[in-house]
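Colleague: Quick one: the structure is below, and I'll ask about it shortly.
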Amino acid sequence: MLFPFYMMLRSAFTAEPYILDGSLGLSHLTLANFQTAWNSQPWGRYYLSSLLSTGLIFALQIVTSVPAGYALARLRFRGARLSFWMVLACFIVPTQVIAIPNYVVLSQAGVNDSLAGLIIPFASSAFGIYLMRQFILSIPQSLFDAARLDRVGPVAMVWRVVLPNVKPAILALGVFSVIGHWNDLFWPSVILRTTTHATVPYGITQFASQEAGSNYGAQMAAATLAVTPLLIGFLLCQRHFVRGLALTRGID
């Protein structure tokens, strides 16, 4: 599992003529690939676009998933079971299947090739709704009954009762959401036409050229730059990530 990462780092720090020499060891080490990668692309803009898109997507998924999960878990209404099965059905639909309908709708709305075009299709997450519903089911019903006796309304119930108790589930959702959308290349390649709002993975592809060939050293250096923020974030928050995943595991 770790071997591809080793090869990425080896290629990033190896002089270009020696990357494909068949050796697996470290030799001819250099920082030139990082200099080439950093100077050839506007990485500051790429990082900003990735941070804004992933951060806003995660925030919107919390806003939509927590109330929807609470409604499916604790409210009784006509069509509740059907609604839950429809959420589950969304799991079997790949993103590529609905890419064209999403593109058509966003193009007609005039938000293609924009930051909004990157964010809107993922403002709601079926996985997030399912995760919140399952976690809210583990919260004692007596907590909700006590809140209702205190005349807490539906909105206040979500804000004052549900939200403070689902923080581990939110952290777990954050792991999958941030990593998935930070590394996403497919949808930016569909919706973007220029590099104005390009993300970090899109920037990596700029080193591949059918005419001149691929600059593997710079490409692997760019991949290392793309992975570094995620790695730093994981190292800083790994205790919360592991706790969130452990508490949401096995909830039925």
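The values are calculated or read from the model by the stated rules, or taken from the named source; none is laboratory data. Owing to the predicted nature of the structure, the values given are computational and were not obtained by experimental measurement. Neighbour counts run over all protein chains shown; Cβ positions are idealised from the backbone, glycine included. Surface areas here come from the heavy atoms of the whole protein model, side chains and all, with no ligands, DNA or RNA. Shrake-Rupley method; radii C 1.70, N 1.55, O 1.52, S 1.80 Å.
Colleague: Probe radius 1.4 Å, ligands and nucleic acids ignored: give me the carbon and sulfur share of the accessible area of segment 53-164 as a rounded percent.
Modeller: For segment 53-164, the apolar C and S fraction of the accessible surface comes to 68 percent.
Colleague: To continue, here is another question. What is the set of long-range amide H partners of Thr14 at a cut-off below 5 Å, with H atoms built 1.01 Å from backbone N?
Modeller: Thr30
Colleague: Please report, to one decimal in angstroms, the Kirkwood hydrodynamic radius of the chain built from all distinct Cα-Cα pairs.
Modeller: Working: mean 1/r = 0.0481 Å⁻¹.
It works out to 20.8 Å.
Colleague: For a quick check, take a GNM of the chain with Cα springs below 10 Å and name the residue from Leu24, Leu173, Leu48 with the largest mean-square fluctuation.
Modeller: Highest fluctuation of the listed residues: Leu24.
Colleague: Only helices at least 27 Å long along their axis, Cα-based, and averaging -1.0 or more on Kyte-Doolittle count here, so list those DSSP H runs from the chain.
Modeller: Details: long enough: 43-74 (45 Å, 0.80); 216-248 (41 Å, 1.06).
Passing helices, by number: 43-74, 216-248.
Colleague: Per residue, how much accessible area does segment 1-96 show when a 1.4 Å probe rolls over the protein heavy atoms, in square angstrom? Working shown, then result.
Modeller: Values: 6060 Å² over 96 residues.
Heavy-atom SASA per residue in segment 1-96 reads 63 Å².
Colleague: Using a 1.4 angstrom probe, figure out how much accessible area segment 106-218 has per residue, in square angstrom, rounded to the nearest whole. Intermediate values should be presented prior to the final figure.
Modeller: Working: 5540 Å² over 113 residues.
Ligands and nucleic acids excluded, the result is 49 Å² per residue.
Colleague: Next question. Is segment 142-184 rounded, prolate or oblate when judged by the Cα gyration tensor, a ≥ b ≥ c being the square roots of its eigenvalues, rounded requiring a/c under 1.5 and prolate requiring a/b larger than b/c? List each step's numbers first, then the result.
Modeller: On the way: a/c = 6.06, a/b = 3.31, b/c = 1.83.
Prolate, because a/c is 1.5 or more and a/b exceeds b/c.
Colleague: Rounding to the nearest 20 debye, state how big the charge dipole of segment 1-105 is about its Cα centre with +1 on each Lys and Arg Cβ and -1 on each Asp and Glu Cβ. Display every interim value, and only then the final one.
Modeller: Details: 6 positive and 2 negative charges, 165 e Å.
For this selection, approximately 800 debye.
Colleague: Which residue fluctuates most in the GNM of the chain (Cα springs below 10 Å): Val105, Val200, Val227?
Modeller: Highest fluctuation of the listed residues: Val105.
Colleague: Same structure, new question: So which trypsin sites (Lys or Arg not before Pro) in segment 16-111 end up in coil per DSSP with only 15 or fewer other C-beta atoms within 10 Å?
Modeller: Numbers: sites: Arg45, Arg74, Arg76, Arg78, Arg81; in loops: Arg76, Arg78.
Here the sparse-neighbourhood loop sites are Arg76, Arg78.
Colleague: Among Gly233, Gly22, Gly153, which one moves the most in a GNM of the chain with springs linking Cα atoms closer than 10 Å?
Modeller: Fluctuation is largest for Gly22.
Colleague: By the gyration tensor of its Cα atoms, with a ≥ b ≥ c the square roots of the eigenvalues, what is the shape of segment 124-226: rounded for a/c under 1.5, prolate for a/b over b/c, or oblate? If you can, show how the numbers build up before the last one.
Modeller: Numbers: a/c = 4.70, a/b = 3.46, b/c = 1.36.
Cα axes put segment 124-226 in the prolate bin.
Colleague: Can you bin segment 1-72 into rounded, prolate or oblate? Criterion: square roots of the alpha carbon gyration tensor eigenvalues sorted a ≥ b ≥ c, rounded for a/c under 1.5, prolate for a/b above b/c, oblate for the rest. Write down the numbers at each step before the final one.
Modeller: Working: a/c = 6.52, a/b = 2.23, b/c = 2.92.
Oblate.
Colleague: Ok, one more. Normalised by the residues of the chain, what does the relative contact order come to in percent, with Cα pairs under 8 Å and at least six apart? Please report the intermediate quantities before stating the final value.
Modeller: Details: 265 pairs, mean separation 82.1, N = 252.
In percent, rounded to a whole number, it is 33.
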